[in-house]
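What follows is a short report on a single structure.
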Amino acid sequence: MDGQLGMRKISSHCSISEMDDFDLSRLLDKPRLNIERQRSFDERSLSELSVGLARAGLDTYDNYSPGGRSGYNTPASSARNSFEPHPMVADAWESLRRSLVHFRGQPVGTIAAVDHQSEEVLNYDQVFVRDFVPSALAFLMNGEPDIVRNFLLKTLHLQGWEKRVDRFKLGEGVMPASFKVLHDPVRKTDTLIADFGESAIGRVAPVDSGFWWIILLRAYTKSTGDLSLAESSACQKGMKLILTLCLSEGFDTFPTLLCADGCCMIDRRMGIYGYPIEIQALFFMALRSALAMLKQDDAEGKECVERIVKRLHALSYHMRNYFWLDFQQLNDIYRYKTEEYSHTAVNKFNVIPDSIPDWVFDFMPTRGGYFIGNVSPARMDFRWFALGNCVAILSSLATPEQSMAIMDLIEARWDELVGEMPIKISYPAIESHEWRIVTGCDPKNTRWSYHNGGSWPVLLWLVTAACIKTGRPQIARRAIELAEGRLLKDGWPEYYDGKLGRYIGKQARKYQTWSIAGYLVAKMMLEDPSHLGMISLEEDKQMKPVIKRSSSWTC
């Protein structure tokens with residue numbers, strides 16, 4: 001199967017691979033044309049990729065073949081193409097399969113953790129949408145797409161349920177945070193129970209679930225070449241319901257999404273309320289993924305696509321300009337004037353320079369940069385958040401220059417961001433009085449633990465994907481080697497604590513499924529970089545910001 005993954009063209013819309021590099025501006029007022037485009041990463045020839053990897057210093061790609069499978073669970077096709085797996089791989093696959101959840105005889109997901117030592121189950125026996133993503137990618141890369149299809153359909157079914165918290169009804173498009181299957185051995189029936197936030201700690205709806213669902217639908221389609229699922233009326237409706245929630249007009253003056261604390265992977269109070277980078281990057285990636293799959297054979301479809309295109313223009317401009325921080329930008333903010341009025345203001349959000357934390361001046365290298373955690377009126381959260389920055393690279397929200405700068409930062413600040421166990425979910429940790437105010441004295445998010453500067457092995461797959469896309473696979477290889485020194489021996493913990501990530505998290509569950517799956521996905525992507533195509537979007541080189549400056553409506 002070639003780089004196009006056997007996708008067929010249909011009259012109602014372009015194929016996913018066509019849309020990845022499509023000029024978004026043309027969708028607004030011109031018919032689609034059958035134009036020759038640049039090849040995406042997963043379409044490059046073996047010779048091109050081999051040369052690039054050799055220059056990067058990676059020497060384990062002898063078995064690479066475009067569109068090939070990982071071979072972890074199957075015999076090697078030849079001696080030359082065989083890949084000697086790490087001893088951890090067999091244990092990882094065994095543990096991943098042990099976490100499978102079945103509904104009426106069909107696998108529909110993986111539970112969050114199989115911790116035999118913990119007496120308190122809480123909700124770790126449930127299938128989480130965000131947690132299942134690396135598991136789904138592992139199964140897709142191993143040639144087992146059925147479980148992913150089942151999961152997508154089952155969560156789509158749950159989306160249609162009426163969702164209430166106390167007496168308040170949630171939006172129709174909200175996807176569940178998680179679900180579990182109750183087996184009745186007497187009646188021999190299976191029952192689904194979903195959580196849309198009404199049972200979650202803090203009672204916050206998962207904003208990220210819908211985005212991950214759209215991203216995973218595209219990954220399934222890219223991996224299998226099967227367009228029938230994405231084209232089905234149910235999936236088309238599901239995507240539109242999710243996007244309707246995000247694209248609705250209101251009082252916002254920014255194209256970013258306003259969110260509460262605890263709405264994503266950081267699902268406890270951590271001061272990410274407002275416009276967190278993780279949500280904005282996932283929002284951007286979901287918009288681009290949906291744009292590739294939505295039909296335009298009726299007025300509703302065309303209108304939805306137009307709204308997506310306009311939002312993508314505004315969102316990319318806003319994020320690349322106002323969320324980006326490098327040495328030069330930090331120096332500019334340091335010299336900001338305040339109380340500026342009118343559209344000519346340089347300090348548009350009225351950020352007070354004295355609010356810049358001392359640590360960021362030492363943390364920022366001369367070469368390198370990253371998307372900061374949050375931007376809103378009089379507030380800039382300068383913390384590093386790994387997931388948002390990696391997704392920004394994979395979705396091409398980050399420009400090629402910004403993507404390379406993020407990699408430069410990781411290398412320059414290796415001890416701070418990676419240490420002895422990849423990789424810090426956030427940096428630095430909040431401490432002392434600030435910790436009390438920001439987290440509400442949360443005992444689980446104490447300094448250098450859990451979300452507050454803890455190290456999460458699951459992020460390994462995102463870092464690896466970002467490294468491969470930017471041509472820096474040696475960074476991923478170094479991180480994976482660190483993980484291989486501890487993960488299996490420690491029982492695949494959920495997270496690690498300490499400045500360097502040396503200690504198993506104080507409340508970390510063992511055999512955390514996404515720690516296992518994240519490792520497998522990272523290994524398989526390094527073995528066969530063509531897998532990157534299912535989770536990476538190439539930059540639309542012709543997409544230029546429509547908005548040049550903010551102006552009042554009277555202009």
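The values are calculated or read from the model by the stated rules, or taken from the named source; none is laboratory data. The structure presented is a predicted model; accordingly, all values stated were derived computationally and were not measured. For the accessible areas, the whole protein counts, side chains as well, though only heavy atoms, and no ligand, DNA or RNA atoms are used. Shrake-Rupley method; radii C 1.70, N 1.55, O 1.52, S 1.80 Å.
Measuring nothing but how far apart in sequence close Cα pairs (under 8 Å, 6+ apart) lie, relative to its length, the stretch 474-544 scores a relative contact order of 23 percent. An oblate overall shape is assigned to the stretch 123-199, the ratio a/c of its alpha-carbon gyration tensor axes (a ≥ b ≥ c) being 1.5 or greater and a/b not exceeding b/c. A probe of 1.4 angstrom, applied to the heavy atoms of all protein chains, finds V89 with accessible area near 0 square angstrom. Based on protein heavy atoms only, the stretch 259-410 ends up with 37 Å² per residue of surface accessible to a 1.4 Å probe. Using a probe radius of 1.4 angstrom, the carbon and sulfur fraction of the accessible surface of the stretch 398-555 is 52%. Ordered by 1.4 Å accessible area with all protein chains kept, T256, T189 run largest first as T189, T256.
Of the residues H343, H157, the one with the largest accessible area comes first in the ranking H157, H343, computed with a 1.4 Å probe on protein heavy atoms.
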